[in-house]
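Undergrad: Input: one structure, supplied below.
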Ligand SMILES: NC(=O)c1ccc[n+]([C@@H]2O[C@H](COP(=O)([O-])OP(=O)(O)OC[C@H]3O[C@@H](n4cnc5c(N)ncnc54)[C@H](OP(=O)(O)O)[C@@H]3O)[C@@H](O)[C@H]2O)c1
């Protein structure tokens, strides 16, 4: 994978940062995308310290002009895009009877439309290259449902349909499209969950522990590697056995 170029959305923190670090350790050049310039640049600097080239781009993946800029800047800097990791994601939880239109729209826009916009730009380039690896980050909640997460679970279930469709559309162009569905992973996103709910969740995980971002990063790097060239349209569940 040495010399390949990857874009990691939501690469500034949490799971995305672990993915970016794991790719950098394979000598992949990484474009880190986040909304906050400071944390995004800080992560890109940490990656450069590992000895690989890395740039930071502050962008909102739900905005098509921002997404166009991510890809234009990547081409300008590195000349190609081999790997796209659609990891940027947010939650805005509420029971559906209290869920506001804006909460529904924002989660769908970032998690689902953002993935669509990035896939569209990436695939245009990857078709020309006759090579590409796209990995979309879904969630266990898209398959099991979760109280208070109608917007989030719908966005993550939709990513499975999007992934399978794109896999079929571009399988004969050297492009694979897969998704990883994490279970409960310790990051900022899960930090605010009340302790009693966390204890209850832990009981439902056969392995008896929460995941760490590296558990997801290792699987993503495998799917992005040449070793995974015959895998496409798959949803890989990484959850300690919580959902089978
Ligand atoms: N943690 C879990 O248990 C878990 C489980 C299943 C699935 N997932 C999924 O895994 C992915 C990463 O989750 P995480 O736990 O690492 O979340 P996190 O710690 O909250 O990090 C989210 C990342 O997404 C970026 N981001 C948010 N909105 C964005 C936007 N509009 N445009 C560009 N970047 C944006 C953030 O950047 P800024 O800080 O710069 O805004 C940050 O880098 C998400 O898709 C999430 O749904 C997580």
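Derivation of every value follows stated rules applied to the coordinates shown; laboratory data play no part. Keep in mind that what you see is a predicted model, and the values were worked out from it rather than measured. Counting neighbours? That spans all protein chains shown, and the Cβs are built from the backbone with ideal geometry, glycine included.
Undergrad: Calculate the FRET efficiency for residue 46 and residue 80 from the Cβ-Cβ distance with a Förster distance of 22 Å, rounded to the nearest 0.05.
TA: Efficiency computed from Cβ-Cβ geometry: 0.40.
Undergrad: Just to verify a number: FRET efficiency for residue 168 and residue 130, C-beta to C-beta distance, R0 = 22 Å, to 0.05?
TA: Numbers: r = 17 Å, r/R0 = 0.78.
That pair, residue 168 with residue 130, gives E of 0.80.
Undergrad: Based solely on its DSSP helices, what 222 nm [θ] is calculated for the chain when runs of n ≥ 4 H residues each add -39,500 (n - 2.57) and the sum is averaged over all residues, nearest 500 deg cm²/dmol?
TA: Value at 222 nm, helices only, nearest 500: -14000 deg cm²/dmol.
Undergrad: Taking the Cβ of each residue in 163, 9 as the centre, tally the other Cβ atoms inside 10 Å and list the residues starting with the fewest. Let's see the in-between values first.
TA: Details: 163 25, 9 29.
By the 10 Å Cβ count, ascending, the order reads 163, 9.
Undergrad: Over the stretch 118-244, what is the mean sequence separation of C-alpha contacts under 8 Å (at least six apart), divided by residue count, expressed as relative contact order in percent?
TA: Computed over the stretch 118-244, the figure is 31 percent.
Undergrad: Between residue 191 and residue 231, what length in nm is gained on full extension when 0.36 nm per residue of separation is reduced by their alpha carbon distance?
TA: Taking 0.36 nm per residue and subtracting the Cα distance, the gain is 11.1 nm.
Undergrad: I've got another one for you. For the pair residue 97 and residue 200, how long in nm is the line joining their label points, each one 7 Å along Cα→Cβ?
TA: For residue 97 paired with residue 200, the spin-label model returns 1.8 nm.
Undergrad: With a 10 Å Cβ neighbour count serving as the proxy for reagent exposure, in which order, fewest first, do 214, 121, 102 appear?
TA: Ordered from fewest to most neighbouring Cβ atoms within 10 Å, 214, 121, 102 come out as 102, 214, 121.
Undergrad: Output the 0 to 90 degree angle, nearest 10, between the alpha-carbon long axis of helix 14-25 and the longest principal axis computed from the alpha carbons of the chain.
TA: 30
Undergrad: So, one more: Can you tell me the alpha carbon radius of gyration of the stretch 107-244 divided by the globular rule-of-thumb value 2.2 N^0.38 Å?
TA: The value comes to 1.10.
Undergrad: Another one. If each residue's Cβ is checked for other Cβ atoms within 10 Å, how do 165, 40 rank with the fewest at the top?
TA: Listing 165, 40 from fewest to most nearby Cβ atoms yields 165, 40.
Undergrad: Another question about this same structure. As I understand it, the value is the acute angle between the Cα axis of helix 150-170 and the longest principal axis of the Cα atoms of the chain; what does it come to in degrees, rounded to 10?
TA: Taking the Cα atoms of the chain, the angle to 150-170 is about 30 degrees.
Undergrad: What's the center-to-center distance, using Cα atoms, between the stretch 98-159 and the stretch 162-213 in Å?
TA: About 13 Å separates the Cα centre of the stretch 98-159 from the one of the stretch 162-213.
Undergrad: Compute the angle between helix 213-224 and the longest alpha-carbon principal axis of the chain, please, reported from 0 to 90 degrees and rounded to the nearest 10.
TA: Roughly 40 degrees between the two axes.
Undergrad: With contacts defined as alpha carbon pairs under 8 Å and 6 or more residues apart, what's the relative contact order of the chain in percent?
TA: 19
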